[in-house]
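Have a look at the structure below before the remarks.
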Amino acid sequence: MAIKSDKWIKKQAEENEMITPFLGGQVKEGEAGEKCVSFGLSSYGYDIRVADEFKVFTNVYNSIVDPKAFDNDSFVDIKGSQCIIPPNSFALARSVEYFKIPRDVLTICLGKSTYARCGIIVNVTPFEPEWEGYVTIEISNTTPLPAKVYANEGIAQVIFFGSDDPCALSYKDRNGKYMKQHGIVVPRM
């Protein structure tokens, strides 16, 4: 496997709608000219944005987090230009971008350093070959202070790995449970 370049990413995005919407360069300023957490195409990856929808963990109903029997009362839904994540807490969000991953590609997604340096850790599982959908983004506030995340700005970088041979069995072939997901998708069994 080899890391794919910005030229390859741009070609796949334009010809095969691999990333929609696609921005062919780094955006570092908002619409009004204010600084923002950068997003768009970079040298060997693509910086995705977090949408304005968040699910923030709460313990109001004394729930237990159980991936086999997930209780939606574990979250408070927030929609807005920013989200405050409580100390030592967690939120789910989704990407602005919709992805269609080629059969010979696997991605790894890592949080942006701007957030990591504030104790905000982003986790996204790999996008498997032929997976398609909006990305569900896991955001952890590891600090003892409330943490702010900005909607419609960069949150993580996707790195694309390509193989000379397409995989024998893709995510689409397996009818993966998170295929073509929209919105913020909680654990499914």
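No value in this document is a laboratory result; all are computed from the given coordinates. Just so it is clear, the model here is predicted, and its values are computed rather than measured. Note that we place each Cβ from the backbone using ideal geometry, even for glycine, and neighbour counts take in every protein chain shown.
Structure above, values below:
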{"read-out": "Rg(Cα) / (2.2 N^0.38 Å) computed for the stretch 109-150, rounded to two decimals", "value": "1.34"}
{"read-out": "Helix 6-16 vs. the chain, principal-axis angle (Cα, 0 to 90°, nearest 10)", "value": "90 degrees"}
{"read-out": "Mean Cβ neighbour count within 10 Å, used as a protection proxy, ranking 24-31, 64-71 highest first", "value": "24-31, 64-71"}
{"read-out": "Neighbour-count order for CYS118, CYS109, fewest beta carbons within 10 angstrom listed first", "value": "CYS118, CYS109"}
{"read-out": "Residue-count net charge about PHE57 - beta-carbon cut-off 12 Å; Lys, Arg +1, Asp, Glu -1", "value": "-3"}
{"read-out": "Relative exposure of GLU130, GLU14, judged by other C-beta atoms within 10 Å (fewest first)", "value": "GLU14, GLU130"}
{"read-out": "Radius 10 Å from Cβ of ASP77, net charge of other residues (Lys, Arg +1; Asp, Glu -1)", "value": "+1"}
{"read-out": "Radius of gyration, Dmax [the stretch 93-163; alpha carbons; angstrom]", "value": "13.2, 43"}
